[in-house]
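Contents: one structure, followed by commentary.
The values are calculated or read from the model by the stated rules, or taken from the named source; none is laboratory data. Keep in mind the model is a prediction, meaning the values are calculated, not measured. With ideal geometry, Cβ positions are generated from the backbone for all residues, glycine too; neighbour counts draw on all protein chains shown. Note: areas computed on protein heavy atoms with side chains; ligands, DNA, RNA excluded. Shrake-Rupley method; radii C 1.70, N 1.55, O 1.52, S 1.80 Å.
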Amino acid sequence: KGGDILVCVGTNFADSLSCAAVDLPMMLVGTSLNEDQKEFLSECEDVRFHIVGGTGAVSSAVEKELEQYGTIEERIAGDNRYETSAKIAERFFTSAEKIVVAYGKNYPDGLSGGCLAYAMKAPLILAESNNTAAGYGADAAGKFGCDRFVVLGGPSLVSHETVRWM
């Protein structure tokens, strides 16, 4: 009936996968709120929205619609899906003994791994086999003091070198 809600775009998977392990409800949106979402939100009280992704994902128009139903607490966004993923981890996790890593350019491993990450109380970080993407994961791991990873998928997606670098 109220509280914190994550808001992610429903037409792309990256941000919602990264939020899968966060212990908050998630609302997937398009270019505007649909009637069911408006009806649901009109019945809620004291809603605080955490918008995930830049305005290319969750538009300013959707943000203005959300303001009619609650408070925009923040917008969590990076320059790309990998930085956004790390920012989600840093924002919603205060510590982590392990980090779940999923390939960032498709969704199957991350989709099935979201439940695992949630059960482990671990952030889900998107990565791929390059130093830029791995750098964001390495920064998050460093902030947690974490050096243990559960890597989903094979090394052709997230290489051993990338994991060692993280």
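Judged by the ratio a/c of the largest to the smallest principal axis of the C-alpha gyration tensor, region 86-166 counts as oblate, that ratio being 1.5 or greater while a/b is no larger than b/c. For Ala21, the amide hydrogen comes within under 5 Å of the amide hydrogens of Leu124, counting only partners 5 or more places away or on other chains and with H modelled in the peptide plane. Rounded, prolate or oblate, given the Cα gyration tensor of region 23-66, with a/c below 1.5 counting as rounded? Oblate, because a/c is 1.5 or more while a/b does not exceed b/c. Taken over the alpha carbons of region 1-47 as equal point scatterers, the Debye sum produces base-10 log I(q)/I(0) values at 0.27, 0.30, 0.33 Å⁻¹ of -1.06, -1.15, -1.20. Taking Cα atoms only, the orientation of helix 131-144 departs from the longest principal axis of the chain by about 80 degrees. Set against the labelled values (1) 35; (2) 26; (3) 30, percent of Cα pairs over 25 Å apart computed from this structure falls on (3). Residues in the chain average 50 Å² of solvent-accessible surface per residue, probe 1.4 Å, ligands and nucleic acids excluded.
Summarising the amide proton neighbourhood of Val101: residues at separation of 5 or more, or on other chains, whose placed amide H is nearer than 5 Å comprise Ile125, Val150, Val151, Leu152. Once the Cα atoms are used to define both axes, helix 108-120 deviates from the longest principal axis of the chain by about 90 degrees.
Ignoring lysines fewer than eight residues from Lys121 along the same chain, the ones with Cα atoms less than 17 angstrom from its Cα are Lys87, Lys98, Lys143.
Taking Glu90, Glu43, Glu73 as the candidate residues, the one with maximal mean-square fluctuation in a Gaussian network model of the chain, Cα springs under 10 Å, is Glu43. For Lys64, list the lysines whose Cα falls under 20 Å from its own Cα; do not include residues on the same chain fewer than 8 positions away. Correct list for Lys64: Lys38.
Computed about the Cα centre, the dipole magnitude for region 104-166 is approximately 140 debye when only Lys and Arg (+1) and Asp and Glu (-1) carry charge, each at its Cβ. Across region 1-94, C-alpha contacts under 8 Å between residues 6 or more apart give a mean separation that, scaled by the residue count, equals a relative contact order of 32 percent. The simple spin-label model puts a point 7 Å past each Cα toward its Cβ; for Asn80 and Leu24 those points are separated by 2.5 nm. Proximity of backbone amide H atoms, modeled 1.01 Å from N, is registered between Val47 and Gly3, Thr71 at under 5 Å, excluding neighbours fewer than 5 places apart on the same chain. Summed over qualifying helices (DSSP H, 4 residues or more, each -39500 (n - 2.57)) and divided by its residue number, the chain shows a 222 nm mean residue ellipticity of -11500 deg cm²/dmol.
Shape verdict for region 40-127, please, from the Cα gyration tensor: rounded (a/c under 1.5), prolate (a/b greater than b/c) or oblate. Prolate shape, in that a/c is at least 1.5 and a/b is the bigger ratio. Here the extension length gained between Arg164 and Thr31 equals 44.0 nm, from 0.36 nm per residue of separation less the Cα-Cα distance.
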